[in-house]
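One structure is given here, and the rest of the page talks about it.
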Amino acid sequence: MNGADILIESLVNHGVDIIFAYPGGASMPLHQSLTKYKDRIRTILPRHEQGGGFAAQGYTRSSGRVSVCMATSGPGATNLVTPIADAKMDSIPLIAITGQVGTSVIGTDAFQETPIVEVCRGITKHHYLVTDVNDLARIVREAFHLATTGRPGPVLIDLPKDIQQAQTVPDFKAPMYLPGYHVEDRRARPEQIAQVAAAIRRARRPVIYAGGGVIAGDASAELFELAKKTQIPVTTTLMGLSCFPTDDPLALDMLGMHGSVYANYAVNEADLLLAFGVRFDDRVTGKVSEFAKHGKIVHIDIDPSEINKNKEAHIPIISDIRFALAELNKVVQPPEAGLDEWNAQIAAWKRSDPFTYDKDYPGIVPQYAISELSKMTRDLKPIVAVGVGQHQMWSAQYFDFTVPRTWLSSSGLGTMGFGLPAAMGAKAANPDRLVIDIDGDGSFLMNIQELATCVCEKLPVKVLLLNNQHLGMVMQWEDRFHASNRAHTYLGPIDNPEAIGKGDGIGPKKRYPDFVGIARGFGCGARYVKEKADLHDALREMIDYDGPFVLDVEVPYQEHVLPMIPSGKTVKDLIKQ
Ligand SMILES: Cc1ncc(C[n+]2csc(CCOP(=O)(O)OP(=O)(O)O)c2C)c(N)n1
Ligand SMILES: [Mg+2]
């Protein structure tokens, strides 16, 4: 077999059924091989490698199955850098394959040569430059093992063209050689579990702080059981959303910078913080020395490097989270003193400071559009992808998630342009599910070319475009911290008054660009909506449309995401209005 066939057959052997791949000179043998295996692997052609990388992530985030993206050398490879960095930050098991120039010219600035392994060294879990075709089958085995075990992450395989063409007799069962990588013993010990159970027994104001690790570790059911057994309330990070049903009475919703008032108050007053699969990110903690400083911290994570990284834990446990929670559930008892008083206090906070917005606004505010969509689709349990910005935070606040893996957000890297391709990949993985990209106009434009993929590859995703004509989140910071001085956050023509913050209406008089026209040009269904009275009907049309659909919703740009704890500040600085 040649190297290209060995690689593709290895993918098949690892259960890969879809690959997102964009060809070029240095990856042509791989694409030729993909046509041979087309009965077993579907190749989806994105319209930009970044779109392909995010589509692969959407596939993985929604299904839990490892995904694969591929690009040619040079510019193709560098276009994958952002999705790889994104996957690293959010611990997504992604295999990125790049074509490379022939081994004889590596290092000569050959046509379309970039040292992509060097470029990606700090943003992969591991990376390979293959220099011998006899290593290839083993390397692919290792790549899948590394990407999916322990703390998941992206693995890059850079494959020179001559290795793709070289012939050998492959050994698909070649043993892996990974000295120093031993994840199998990361399991909480019985005495550690007993310690946690004892801490829970003594607690009066406990809170569970659950993150993406609970989803990655497939531990939602165990988390639910623990919360129900003990009546301990649960707040989640942005990455943890959907790991615990947000409509449950014990749900405190998201915490952190744009988290709920009640979650932030509860964490601040907690005497026991149970941190599961989280990394004490600065968007969660604010000023880290002040975060959760009134209580003991239990931190369970599979990655030893997370323990005591940002915040010291009183009970640090390196463990697979599902194993740890399952063990804990066997022995745990509810707090001895009862939690009635604590949960009553939390209920009072929920009543006095719920997520809220101007319900009487005559037009459509983004929060309303998201709430309506959430209500209308509740029974369908749709998969929701988002871009980055205000619309992302409002989606996190106002959409109800009841099933794990239904929330896809570029969280750690915060990459605009994530939403549409991620939704596209999720739709490829879940053809029978409703998949919606709730997007901002700035973010949507960054990977809008993927509408072509959605149409041509028959991936009918829905786009709820919350179009405020601005880079809303940056604009909000201008409003709050820079006296509303507009510094390149308006997305229309530069001679419009909004460009310098001097618009007089609630929206620019002329809107730009014509997203409905663009969407139709790609072959999507599309509609523009401005009146509140029309929203329900427009959402219905979007959901029921047979094909990809863009609903361009005119929303005001004056709205701010609240509450807000400014960067590096504490719960005392929480802004409610
Ligand atoms: C690739 C990238 N560039 C820049 C930013 C910085 N940034 C964060 S949010 C934001 C505004 C996003 O605007 P839009 O997508 O319209 O969403 P909105 O906030 O208006 O809802 C920007 C520019 C980013 N997160 N990602
Ligand atoms: Mg916007």
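The values are calculated or read from the model by the stated rules, or taken from the named source; none is laboratory data. Fair warning: this is a prediction, and the values are worked out from it, not measured in the lab. Neighbour counts are summed over all protein chains in view; Cβ atoms, including those assigned to glycine, are modelled from backbone coordinates with ideal geometry. Just the protein is used for accessible areas: all its heavy atoms, side chains included, with ligands, DNA and RNA removed. Shrake-Rupley method; radii C 1.70, N 1.55, O 1.52, S 1.80 Å.
See the values below:
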{"read-out": "Hits among lysines - C-alpha to C-alpha of LYS532 under 27 Å, sequence gap 8 or more where chains match", "value": "LYS359, LYS375, LYS381, LYS462, LYS502, LYS509, LYS510, LYS576"}
{"read-out": "Rg/Rh ratio calculated on Cα atoms of the range 165-262 (Kirkwood radius)", "value": "1.20"}
{"read-out": "Carbon + sulfur, % of accessible area of the range 21-172 - ligands and nucleic acids excluded, 1.4 Å", "value": "52 percent"}
{"read-out": "Those lysines that a straight Cα-Cα span of less than 26 Å connects to LYS309, excepting residues fewer than 8 apart in one chain", "value": "LYS88, LYS125, LYS287, LYS293, LYS296, LYS569, LYS572"}
{"read-out": "Mean Cβ neighbour count within 10 Å, used as a protection proxy, ranking 141-154, 412-425 highest first", "value": "412-425, 141-154"}
{"read-out": "Share antiparallel - DSSP beta bridges, the chain, percent rounded to 5", "value": "5 percent"}
{"read-out": "Tensor-based shape of the range 207-318 (alpha-carbon gyration tensor, a/c under 1.5 rounded, otherwise prolate or oblate)", "value": "rounded"}
{"read-out": "Cut-off under 5 Å, modelled amide H: who pairs with MET254 long-range", "value": "THR236, SER260"}
{"read-out": "Solvent-accessible area, 1.4 Å probe, carbon plus sulfur percent, for the range 376-478", "value": "60 percent"}
{"read-out": "The range 416-509, relative contact order in percent, only Cα pairs under 8 angstrom and at least six apart counted", "value": "23 percent"}
{"read-out": "Interchain or long-range residues, amide H under 5 Å from HIS127's placed H", "value": "LEU156"}
{"read-out": "Lys/Arg +1, Asp/Glu -1 at C-beta; the range 1-141 dipole; positive extreme among THR35, GLY76, THR60", "value": "THR60"}
{"read-out": "Relative packing of peptides 178-184, 47-53 - highest average C-beta neighbours within 10 Å first", "value": "47-53, 178-184"}
{"read-out": "Residue-normalised accessible area of the chain, expressed per residue, 1.4 Å probe, Å²", "value": "39 Å²"}
{"read-out": "Euclidean distance between Cα centres, the range 253-270 to the range 148-172, Å", "value": "44 Å"}
{"read-out": "Estimated dipole of the chain in Debye, rounded to 20 [Cβ of Lys and Arg +1, of Asp and Glu -1, Cα centre]", "value": "720 debye"}
{"read-out": "Note, ³J(HN,Hα) from phi for the range 101-116, Karplus 6.51, -1.76, 1.60, rounded to Hz, x at Gly and Pro", "value": "5, x, 4, 5, 10, 4, x, 10, 6, 5, 4, 6, 9, 10, x, 5"}
{"read-out": "Accessible surface of the range 506-550 [probe 1.4 Å, protein heavy atoms]: carbon and sulfur percent", "value": "51 percent"}
{"read-out": "Within the chain, helix-based [θ] at 222 nm, where runs of 4 or more DSSP H residues each add -39,500 (n - 2.57), nearest 500", "value": "-10500 deg cm²/dmol"}
{"read-out": "Net charge contributed by nearby residues that have their C-beta within less than 13 Å of SER443 (K/R +1, D/E -1)", "value": "-4"}
{"read-out": "Cα gyration tensor shape of the chain, rounded if a/c is under 1.5, else prolate or oblate by comparing a/b with b/c", "value": "oblate"}
{"read-out": "Alpha carbon centroid spacing (whole Å) that separates the range 415-437 from the range 338-411", "value": "19 Å"}
{"read-out": "Reachable lysines, given that their alpha-carbon falls under 27 Å from the alpha-carbon of LYS36 and they are not under 8 places away in the same chain", "value": "LYS161, LYS173, LYS427, LYS458"}
{"read-out": "Integer Hz, Karplus 6.51/-1.76/1.60 couplings in order for the range 158-173, x for Gly and Pro", "value": "9, 10, x, 5, 5, 6, 4, 9, 5, 9, 7, 9, x, 10, 5, 9"}
{"read-out": "Global geometry of the range 406-453, whether rounded, prolate or oblate, following the gyration tensor of its Cα atoms and the 1.5 cut on a/c", "value": "oblate"}
{"read-out": "Point-charge dipole on Cβ atoms (K/R +1, D/E -1) for the range 389-463, about Cα centre, debye to 20", "value": "180 debye"}
{"read-out": "Distance (nanometres) between label positions extended 7 Å along Cα→Cβ at ARG42 and ILE106", "value": "3.4 nm"}
{"read-out": "Net dipole in debye of the range 98-143 [+1 Lys, Arg Cβ; -1 Asp, Glu Cβ; about Cα centre; nearest 20]", "value": "240 debye"}
